[in-house]
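Here the structure is laid out as structure tokens; the discussion comes afterwards.
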Amino acid sequence: MNSFSRRSFLAASVGGSLVPNLWGTAPPRLRVAAVYTVLRHRSHAQNILENFLQPYLFNGKIVEPGMDIVSFYADQREPEGDRTDEIARKFKIPVHKTIAEALTLGGKTLACDAVLLIGEHGDYPTNKLGQVEYPRKRFFDEIVAVLRESKRPVPIFNDKHLSYRWDWSKEMYDTAREHRIPLMAGSSVPLGQRIPALELPKEPEVESIVAVHGGGPESYDFHAFEVMQSLIEGRKGGETGISSVEFLTGDAVWKAGDAGRWSVALAKIAMAAELGDKVGNLREPIGREKATTPHVLLITYKDGLKASVLKLGQSSNRWNVGIKLKNEAEPRGTRIFNGPWGNRNLFMALSHAIQSFFSTGEAPYPVERTLLASGVMDAAMHSAADGKPVATPHLEMRYAAKDFRAFREMGESWKIVEKRVEDKHLHTLGQK
């Protein structure tokens, strides 16, 4: 489908008119290099890149990316389903053999204005802690080497964790600050629609919070933690960081709940945002989901706040939160609804936020959130391996929250789009 026919279809989908791009009158088009682990159907690379290579929906409007992907670097090629060459041909994007060549377009100096670093999926080792050793740190170091050689610090977006190792995460953060490289990172999930709508007051006093997900340890704990952190990082007194992390699994989860170490009541309120009045005994399978082993991260903040990230069931679309504020009689609950196409919809909002970052050099929300999340995940996996809490004085960090409401999907897109549209247009970059 060519550019004109794509846009014509999208215009018809929203009543016959295209929405102008959000940067107004014809700004210079930025050149973006894409550095990724693997590009296959519904990998993170595809979910992000499709919103850079064609218009996408955000809050009920069609957004033109306003920038061009000018190069690919693929770290791996999967024997089946790899799409790098197909998409490169379709959009006339050169594929380079090294990260340096992708950033310089085969020349001697930096030839792009921003870099997408997408280090998720692919065949990488899993270490003894159960962490997949994605090469985000290696990618980052090679990117920074080109920026330093060219003396031009362009923005870098790093998908998900900074690194699976805390020391490497901190080094990436410190390096970006030292060389004044704008850095954005993190999860797509905090940008999803909240149902029921939940907006906290300015500088809320948070008594307790529980975030619930239905995925595996670390990879899904990360997303749930960032959802939770995005709600509480602006609390009264400001963010002061985390003093300890403990990972519990199986029966130990329920013993801790019975002992009041995490709030079963808040977890039920969180699940009620998803299931309504069908929330039963949390120890029993959820609906038709198979029985799974629960786990929980018990997180103690420096200011005394107790927070929990709880895994229940096996739904990859489960992102629920229960929160109790001081001076409010009733707790609040919400779920992140990711749209009619599953988690893929979250990447539309994320891509929108990245594009703003690339255009302005200002991240819509603090990269320190992801630095903290990276440290919490590493501590949690060490706690799981050692069977005891992990003290985290290195995570006792202060940072200022930002209002990122302008980058959240509020549900307007779902009023004008149906699932069948995915099959007609917004489907795997033109794959039949």
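The values are calculated or read from the model by the stated rules, or taken from the named source; none is laboratory data. A quick note: this is a predicted structure, and the numbers were derived from the prediction, not measured. Neighbour counts run over all protein chains shown; Cβ positions are idealised from the backbone, glycine included.
Structure values in brief
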item: Those residues of segment 97-149 which are of a type in the set (Val, Ile, Thr), out of contact with any strand residue (DSSP E or B) (no Cβ under 9 Å at 6 or more places or on another chain) and over 22 Å from LEU183 (Cβ atoms), in sequence order; result: none
item: Members of segment 334-388 found to be of a type in the set (S, T, N, Q) and under 26 Å from ARG165 (Cβ atoms), listed by number; result: ASN343, THR370, SER374, SER383
item: Residue in segment 367-401 that is farthest from GLU226 (Cα to Cα), counting only those that are surrounded by 17 or more Cβ atoms within 10 Å (Cβ to Cβ) and of a type in the set (D, E, K, R); result: ASP378
item: Conditions (1) among the β-branched types (Val, Ile, Thr); (2) assigned to a helix (DSSP H, G or I); (3) crowded, with 20+ Cβ neighbours inside 10 Å; number of the one not met by VAL144; result: (3)
item: Complete set of residues in segment 281-301 that are surrounded by 13 or more Cβ atoms within 10 Å (Cβ to Cβ) and either in a loop (DSSP other than H, G, I, E, B) or of a type in the set (Asp, Glu) (or both); result: LEU282, ARG283, PRO285, ILE286, GLU289, THR292, PRO294
item: Filtered residues of segment 168-192 (kept if in a strand (DSSP E or B) and either at positive phi or touching a Leu at 6+ places or on another chain (Cβ under 9 Å) (or both)); result: LEU183, ALA185, GLY186
item: Residue satisfying condition, being modelled with pLDDT under 95, in a helix (DSSP H, G or I) and either among the aliphatic types (A, V, I, L, M) or assigned by TED's automatic domain parsing to the domain that holds PHE52 (or both), within set LEU266, LEU346, LEU275; result: LEU346
item: Flag if SER356 is part of a helix (DSSP H, G or I) and farther than 28 Å from GLN46 by Cβ; result: no
item: Residue within segment 131-146 that is of a type in the set (A, V, I, L, M), under 30 Å from MET377 (Cβ atoms) and free of Cβ contacts under 8 Å to residues at least 40 places away in the same chain present; result: yes
item: Filter result (over 24 Å from the mean Cα position of the chain (by Cα), aliphatic (A, V, I, L, M) and not in a loop (DSSP other than H, G, I, E, B)) within segment 73-101; result: ALA88, VAL95, ALA100
item: So ILE62, is it assigned to a helix (DSSP H, G or I) and either on the phi < 0 side of the Ramachandran plot or not aromatic (Phe, Trp, Tyr) (or both); result: no
item: Where a residue in segment 43-61 is within 19 Å of ARG405 (Cβ to Cβ) and its partner, wherever it lies, is among the acidic types (Asp, Glu), with Cβ under 7 Å and at least six apart; result: PHE58/GLU409; ASN59/GLU409; ASN59/GLU412; GLY60/GLU412
